[in-house]
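> Quick one: the structure is below, questions incoming.
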Amino acid sequence: MSWIDGFVIAVPHANRAQFIEHARTFDSIFLEFGATRVMECWDEDVPDGKLTDFRRAVQAQADEAVVFSWVEWPDKATHDAGIEKFMQDPRMEAASACPFDGKRMIFGGFVPVVSLPG
């Protein structure tokens, strides 16, 4: 059964190109270590909610976009091994040039319960 890592972050609009470059670098490492798909989605229509919403979840400011991302893995074992390799990879040193505030990122691991058309 596949495994999904999900992420929501706030990225300054001014850092969009830097974020895309950052994502291409790190997402290719996820694929190298066993992920089957990575999606990075820049907000286009993210409404304010009455009780909660994506913007509040990551404390996004007016000059920030909400980015919704996920990494798909074949299974949790592949995920665990891939993340361990990822965290030890010397390319992680570039993480210090992160184009967003990682302290406001929300993330988690998920097991799909419905997958269409698959």
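The values are calculated or read from the model by the stated rules, or taken from the named source; none is laboratory data. Worth saying up front: this structure is predicted, and the values here are computed from it rather than measured. Virtual Cβ from ideal backbone geometry, glycine too; neighbours counted across all protein chains shown. All accessible areas refer to the heavy atoms of the entire protein, side chains included, with ligands and DNA or RNA removed. Shrake-Rupley method; radii C 1.70, N 1.55, O 1.52, S 1.80 Å.
> Need pairs with beta-carbon distance below 7 Å; first residue touching a residue at least 60 places away in the same chain (Cβ under 8 Å) and closer than 27 Å to Trp42 by Cβ and within region 73-102, second in a helix (DSSP H, G or I) and open to solvent by 70 Å² or more (accessible area, probe 1.4 Å); sequence gap 6+ or separate chains.
So the pair list comes out as Pro99/Gln18.
> Now for a separate question. If I go through region 14-52 residue by residue, how many of them are β-branched (Val, Ile, Thr) and over 16 Å from Val67 (Cβ atoms)?
Residues meeting the conditions: 3.
> Of all residues in region 103-118 being open to solvent by 50 Å² or more (accessible area, probe 1.4 Å) and in a loop (DSSP other than H, G, I, E, B), which is modelled with the lowest pLDDT?
Gly118
> Got at least one residue in region 42-55 being free of Cβ contacts under 8 Å to residues at least 60 places away in the same chain and among the hydroxyl-bearing types (Ser, Thr, Tyr)?
yes
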